[in-house]
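Colleague: I am attaching a structure below and will ask some questions about it afterwards.
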Amino acid sequence: MKTSVALSPYEFLGGEAGIKHLVNRFYELMDELPEAYAVRQIHPESLSGSAAGLFDFLSGWFGGPQLYTEKKGHPRLRMRHAPYSVSQGMRDEWMLCMTQAIGEQVADDEFRAWLVNSFAQMADHLINTDRVPVCHLGD
């Protein structure tokens, strides 16, 4: 989709409502897909806190309000994930859920490919082990 005015990813996704939809669908998939079992296990039983944090982060990352930074400071994703064992397999499970959520929401091929690539780069950066996870995100 070409327009004379460049939209931020935040705007292209539909602003707050679009980001919330993406985050909610992502966590629904994490709960539903058996292929996401390992990554689901490092999260608390309730995904509400994880969803709120991801929403806040994505809001700012995509050019909207800097909610995460306002609440918790700089995201420092690698540092914040360091206490958790993030393997290649868990990264792939996380990406499976995110890629499907994006595919269900984003019709524009170019923007969809950009989003998946951006998330893949971020997920690659968080890999820190091949060990079995022992901690719970959001606790």
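What follows is calculated from the coordinates using simple rules that are stated; it is not laboratory data. Since the model is a prediction, treat every value here as computed from it, not as a measurement. Backbone-built Cβ (ideal geometry, glycine too); neighbour counts: all protein chains shown.
Colleague: Roughly how many debye, to the nearest 20, is the charge dipole of the chain about its Cα centre, given +1 on each Lys and Arg Cβ, -1 on each Asp and Glu Cβ, and no other charges?
Modeller: For this selection, approximately 500 debye.
Colleague: Can you show me the helix-derived [θ] at 222 nm for the chain, built from DSSP H runs with n ≥ 4 at -39,500 (n - 2.57) apiece and divided by the number of residues, rounded to the nearest 500.
Modeller: Numbers: 8 runs with 88 residues, N = 139.
It lands at -19000 deg cm²/dmol.
Colleague: Additional query: What number comes out for the charge environment of Phe26, summing +1 per Lys or Arg and -1 per Asp or Glu over other residues with Cβ under 15 Å away?
Modeller: -3
Colleague: Sticking with this structure for a sec: Report the chymotrypsin sites (Phe, Trp or Tyr not before Pro) located in the stretch 6-89 that are in a DSSP loop and have at most 12 other Cβ atoms inside 10 Å of their Cβ, or state none.
Modeller: Here no loop site has a sparse enough neighbourhood.
Colleague: Which one, [x] 49, 32, 25; [y] 67, 35, 20; [z] 58, 49, 24, gives Cα extents along the principal axes in Å as derived from the coordinates shown?
Modeller: Given [x] 49, 32, 25; [y] 67, 35, 20; [z] 58, 49, 24, the structure-derived one carries the label [x].
Colleague: Let me ask you something else. Arrange Leu58, Leu67 by Cβ neighbour counts within 10 Å, fewest through most, would you?
Modeller: Leu67, Leu58
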